[in-house]
Structure formats: structure tokens, C-alpha cells
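Below is one structure; the comments refer to it alone.
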Amino acid sequence: MAKFVIAGRADCPYYARTELLADNLQTNLADFKIHKIVKTPEEWEEWLSITCNKNGWQHQKSPIVWRELIDRGGKGVLIGGCNEFQEYAYGYYGIQSEMASSDMKKISAENLCTNVLTTQEEEHLKSLSNPLKVCITNASKPMAYYMVYEIARGDVFGPKTEISLTLLVENKDDNVIKGLVMEAEDLACTLLRKVIITSDPQEAFNGVSAVVFLDGSPLQPEESCDDWLKLNAQIFREYGKILNSVAANDVKVLVAGDGPLNFNAYMLGTAAPAVARQNIVAVARLLENRAKAALARKLNVNSAFIVDLITWGNISGTSLTDVNKAAVHQYDGAIVGPEWYSRPVKEMVHDDKWLQTEFLDNLKSHENTLTKTLGHCATLSAASAVIGVLKDWWNGSKDGKILSLGVFSEGWYELPPDIVFSLPVKFHQGCFEVVQDVDVSDDNKRLLETIAKEIIAEKEVIFPSSRKNSPTPEPNPDETKVFGTDPNGGEQNNLAENPANVPESDDVNVDRSGPLSRIVEEAEPDIKDAESTTDTEKQSIKEDDEE
């Protein structure tokens with residue numbers, strides 16, 4: 001069986017002649033099938049160019065006809081235009097067209113009128129829907145390629161939520177991004193109303209309900225940490241200003257991709273005070289998933305069966321991997337139970353030395369190993385991590401699982417407020433809450449405070465006096481807080497004493513391989529000076545009392 005595709009301009013007389021000849025063949029031949037594509041005069045040239053480039057054809061006029069071998073597969077075979085198709089039909093089937101030129105012109109005029117009416121009807125139907133506006137920035141990155149299908153098919157935002165997807169790119173004429181749009185349309189997902197390409201952030205963020213930022217500049221070997229942070233700050237400040245002015249009031253913002261994620265999320269929050277701070281998060285899921293996968297390999301289970309593992313701290317810098325609350329399901333041991341039954345990971349691994357050495361070393365080297373093996377950076381797992389956060393945020397996490405997320409601190413776990421820190425959270429439908437009852441030992445608290453110093457040092461590259469004059473947005477009395485403490489409370493300073501000799505905890509794995517360790521070391525003397533001054537004042541008061 002063969003299927004013939006006949007495409008042409010709606011006002012083309014030769015398309016009308018070809019169409020009627022094809023209809024005649026389909027009526028009289030059982031195995032002859034046709035598919036028609038009609039484009040307006042404005043759409044025709046671009047569509048024809050893209051189609052011919054994709055298939056390697058040379059054709060410049062309307063109509064174009066090709067044959068697809070649907071019973072064998074493979075590339076379509078170009079037949080040509082109106083004359084070539086007539087010769088083909090006469091040679092194979094002995095049928096030819098005898099339509100007069102005047103009839104061709106009348107039918108082409110009717111085709112154009114019908115096409116206009118059909119287009120207007122489709123636009124009217126589209127206007128009746130109110131699709132959810134979703135934007136992916138830096139959408140030419142390979143991560144975006146894997147995310148489009150997950151968003152379009154309905155698993156992320158719900159099976160009844162229509163999606164209008166905007167791809168923000170630097171060059172909207174790039175063939176790669178045009179190809180991505182064509183593939184998105186070829187998915188034939190009923191919930192995907194339209195895909196828009198733009199290089200204008202104002203257009204991309206207008207009325208948007210969810211934004212995934214894949215921007216951020218990675219640290220280059222010859223680049224200083226300060227310059228790196230300033231470059232990222234410039235990018236995300238500009239984005240934040242636009243979000244603040246045109247995005248939906250309840251927009252949800254995910255910061256992923258390259259660059260300092262906690263820092264970039266903080267820059268967005270300071271530049272977009274109209275966006276609730278609990279709606280701006282940094283994605284820590286990739287680090288969490290990699291740690292789960294390492295434990296799963298050790299225990300010989302599926303990595304999805306490892307739950308409640310926590311990644312604390314600076315996602316792109318120093319992070320702590322906490323297995324204290326982690327549990328494993330479906331473990332093939334001496335004791336088994338139903339699907340909901342779990343056992344503590346530490347008990348099942350039963351090797352603290354491995355948890356403190358090889359496990360941590362593998363996490364540090366995993367990204368480099370994966371990049372060398374693939375020949376490029378990880379994209380599929382990174383895209384899946386972002387999609388996982390979006391899905392949990394909109395629908396709630398399954399069975400109340402604890403997950404990791406970079407959020408604006410409000411003083412939980414004695415951490416300084418007004419920084420973005422990866423903390424344990426539980427997702428509910430449309431929101432999340434920070435889990436505040438995780439037991440943290442004194443040693444582990446010191447480690448968290450060390451990471452907090454690193455994050456504060458990042459802030460102070462842009463806001464040198466951030467401890468006193470941090471640009472906290474004015475509270476909105478009409479805004480209902482989803483969680484957290486009174487934003488009008490005084491800023492706390494919970495920095496610990498010099499932690500240089502703090503021992504490693506047996507329960508937490510520390511990744512200090514981040515590029516900002518130098519900044520942390522330079523920031524510590526200021527803290528010592530502050531403490532020294534406080535001790536002097538206390539001594540002076542004591543002497544006055546004795547007198």
C-alpha cells in the first residue's frame with residue numbers, strides 16, 4: 001500500500017488540479033491513499049523550504065507531491081509537481097486529468113476561501129481555551145530537548161491541563177530550535193496547544209505560570225570566582241526585573257542548568273520582589289538522585305527504592321549528603337514485607353567506613369566520569385531531575401516522601417535567614433513545606449554553618465554589606481504565607497565559631513569540592529573579629545561591675 005502526500009498553496013490552480021486527480025485515483029483504487037496539506041500563501045514558502053531541507057529535496061513551486069511506503073517504512077520518494085504527478089498517474093494507472101484552466105482557477109479560489117474559514121474556526125476554538133503558560137529559557141540546551149515531551153504529554157501539570165510552551169533562545173532562527181518545534185508538533189499531544197520561539201524575555205515571561213531557567217554560566221578555568229558570580233548576577237537580575245513586571249502573580253520558578261544555582265535563585269528573588277520567595281527554588285534533585293543511585297548499586301536495588309535521602313547546602317558548591325533518615329524498599333534480605341515496608345539504609349549498608357570514604361569519593365567524581373564516558377555532559381538525568389521537581393510541586397510528592405530543594409531560608413535548623421539553602425521538604429499540591437523535625441547533631445550543625453558561610457560569601461560579592469543591608473523585599477500584607485516565620489523579625493546571625501577543626505560526622509558525607517572554598521576562607525576573619533569585639537565588651541562590663 002502507498003500513501004501519497006499532496007501539499008500546496010491554497011490559491012494555487014495547479015494544486016486544485018492535482019487534488020482532484022488524486023481524489024479520482026483514491027476513489028477507484030483500493031490501495032491508493034492520499035493525505036492533503038494546504039497552506040496559506042503567507043505560510044507556503046517557509047513550510048516548503050523546511051520540508052525540502054529536512055528531506056534533501058529540490059523543489060520550489062506549488063504543489064509538491066511525494067510517496068510514502070507505509071508498508072515498508074523509509075524515506076518518502078519525491079514525485080514532483082503537478083505535471084510530474086499527472087505523468088505518474090497516467091503511466092502507472094492510465095488515468096489523466098482533463099480539467100480546463102477556468103475550472104482550475106474557480107476551484108483554487110474556493111480552496112483559498114475554505115482555507116481562510118477553516119483557519120479562523122481553528123483560531124476561535126483555540127481562543128476559547130486557557131492553556132497554562134510554561135517557559136524554558138536557554139532552550140537550545142540539550143536538556144530542553146528531553147523536557148518538551150514530558151511537559152507536553154500531561155504527566156507534569158495534569159492530564160487535563162492544556163499547555164502553551166514558550167522556548168526562550170538567543171537566536172530564534174537557529175535550525176536546531178526550529179527542528180525541536182517541529183518534533184514537538186509531531187508528538188501529536190492533545191494538551192500541547194502551541195509552541196512559541198522567542199528571543200525576547202518580555203514576551204516569554206508575559207503571563208507565564210512556570211519558568212525553568214537553564215541559564216547560568218559555568219566557572220571557566222581562567223575565571224575568578226568573583227567574576228563568575230558577577231556574570232551570573234547580571235543575567236539573573238535582568239531576568240528577575242522582567243519576571244517582576246509581567247509574570248503571573250503565582251508564577252513558579254525553577255533554577256537549574258549550569259552556574260551557581262543557590263546564588264542565581266537568590267538574585268532572582270532580590271530582583272523580583274513581587275514574586276513570592278517560596279515560589280523561587282533551586283533544583284537539588286540531580287545531586288540527590290546520584291546519591292540514591294550510588295546506594296542502590298551497593299544494595300543491589302532500583303534507585304527509586306531509596307527514599308528520604310537529604311542533600312543539604314550549596315547545590316553547586318559544598319553540599320552534605322545525609323543518609324540518617326534514608327530508607328530502602330524492596331530490599332532482598334532476610335526480612336521482607338509488603339511494598340510499603342522499608343529498612344534503614346545505614347542498617348542495610350552496615351559499613352560506615354564505605355559511607356565516609358568510597359561513597360563520598362564516587363559522588364565527587366561521578367559527574368566527571370559520566371562526562372568522559374558519554375563524551376558530553378549529562379542531559380537526560382539532569383532533565384529528569386527538573387521534571388521531577390515540577391511534577392511533585394504541581395501534584396504533591398508520593399506518600400509524603402522527603403526530598404531536597406534549594407529554598408529561601410527563614411531560620412530553620414539555626415541557619416541564617418535570607419539565603420538560598422538546600423533543605424529537606426515535602427511537596428503538597430501546588431506548594432511545599434520544609435521538614436523541620438530532622439535530627440541534626442552538633443557536629444552536623446557546624447558543617448551546615450560552614451556551608452552557610454560559603455553562601456553568605458557568595459552574596460557579599462554583590463552585596464558587600466549584606467549582613468546589615470541585605471536587599472530584602474518589602475512585606476506584602478495582602479500576601480498569604482504558605483509557610484515560615486514572621487518576615488518582619490530581625491535578621492539572625494547564627495554563624496558558628498571557626499569550624500576549621502570540626503571533625504567529620506559519621507552520618508553526613510561532605511562534598512567540599514565546590515569552586516567557592518577560597519571565598520569561605522577569606523570570609524572567616526571578619527567573623528572572628530566580630531566575636532573578639534564581643535568578648536572585649538563583656539570583659540569591660542565585668543570590670544565596671546567590680547568597681
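The values are calculated or read from the model by the stated rules, or taken from the named source; none is laboratory data. Owing to the predicted nature of the structure, the values given are computational and were not obtained by experimental measurement. Here the Cβ is made from the backbone with ideal geometry for all residues, glycine too, and neighbour counts use every protein chain on show. Keep in mind that these areas ignore ligands, DNA and RNA; they rest on the heavy atoms of the full protein, side chains included. Shrake-Rupley method; radii C 1.70, N 1.55, O 1.52, S 1.80 Å.
In cubic angstrom, how much convex hull volume per residue do the alpha carbon atoms of region 182-288 span?
141
May I ask which residue of 257, 280, 294 lies farthest towards the positive end of the charge dipole of region 225-298, with charges of +1 (Lys, Arg) and -1 (Asp, Glu) on Cβ and the Cα centre as origin?
Ranked along the dipole, the leading option is 294.
Leaving out ligands and nucleic acids, and using a 1.4 Å probe, what accessible area per residue does region 394-441 come to in Å²?
37
Students sometimes get this wrong: rank 40, 373 by accessible area, probe 1.4 Å, all chains present, largest first.
373, 40
Identify all lysines with a Cα-Cα distance to residue 445 below 17 Å; exclude those on the same chain that are fewer than 8 residues away in sequence.
Within the straight-line limit of under 17 Å, residue 445 reaches these lysines: 325, 453.
Could you tell me how far the Cα centroid of region 360-389 sits from the Cα centroid of region 1-54, in Å?
Distance between centres, Cα-based: 46 Å.
First measure r as the distance between the Cβ atoms of residue 54 and residue 357, then evaluate 1/(1 + (r/R0)^6) with R0 = 45 Å and state the FRET efficiency to the nearest 0.05.
Taking R0 as 45 Å, the efficiency between residue 54 and residue 357 is 0.30.
Mind checking which lysines have their C-alpha under 17 Å from residue 353, skipping anything on the same chain fewer than 8 residues away?
298, 364
Where does the charge balance sit around residue 149 when Lys and Arg score +1, Asp and Glu -1, over other residues with C-beta under 14 Å from its C-beta?
Net local charge, residue 149 excluded: -3.
Rounded to whole Hz and in sequence order, give me ³J(HN,Hα) for region 281-293 from the Karplus expression 6.51 cos²θ - 1.76 cosθ + 1.60, θ = phi - 60°, writing x for Gly and Pro.
Calculated HN-Hα couplings, in order: 9, 10, 7, 9, 4, 5, 4, 4, 5, 5, 5, 4, 5 Hz.
Under a Cβ-only charge scheme (Lys and Arg +1, Asp and Glu -1), can you give me the dipole magnitude of region 350-393 about the Cα centre, in debye to the nearest 20?
With Lys and Arg at +1 and Asp and Glu at -1, about 220 debye.
Quick one: 3J(HN,Hα) in Hz for region 9-19, Karplus 6.51/-1.76/1.60 with θ = phi - 60°, rounded, Gly and Pro as x.
7, 4, 9, 8, x, 6, 5, 4, 5, 5, 4
Placing +1 at every Lys and Arg Cβ and -1 at every Asp and Glu Cβ, with all other atoms neutral, what dipole size does region 1-65 have around its Cα centre, in debye to the nearest 20?
200
Within region 315-333, name every residue whose backbone N is under 18 Å away from a label modeled 7 Å from Cα of residue 347 along the Cβ vector.
In region 315-333, the label zone of residue 347 (backbone N under 18 Å from the point 7 Å along Cα→Cβ) covers 323-333.
Indicate, rounded to the nearest 5 percent, the antiparallel portion of the DSSP beta bridges found entirely in region 105-214.
0
Which of 26, 58, 15 sits closest to the plus end of the dipole of region 1-66, meaning its Cα is farthest towards the positive end, when Lys and Arg get +1 and Asp and Glu get -1 on the C-beta?
26
Hey, can you rank 254-266, 286-298 by average C-beta count inside 10 Å, highest first?
Packing proxy ranking, top to bottom: 254-266, 286-298.
Straight-line reach only, C-alpha to C-alpha below 25 angstrom: list the lysines that residue 3 could link to, leaving out same-chain residues fewer than 8 apart.
Cross-link targets: 33, 36, 39, 54, 61, 75.
In Å², what does the accessible area per residue of region 6-63 work out to with a 1.4 Å probe?
54
Mean shadow of region 18-69, computed from the convex hull of its alpha carbons, in nm²?
Value for region 18-69: 4.2 nm².
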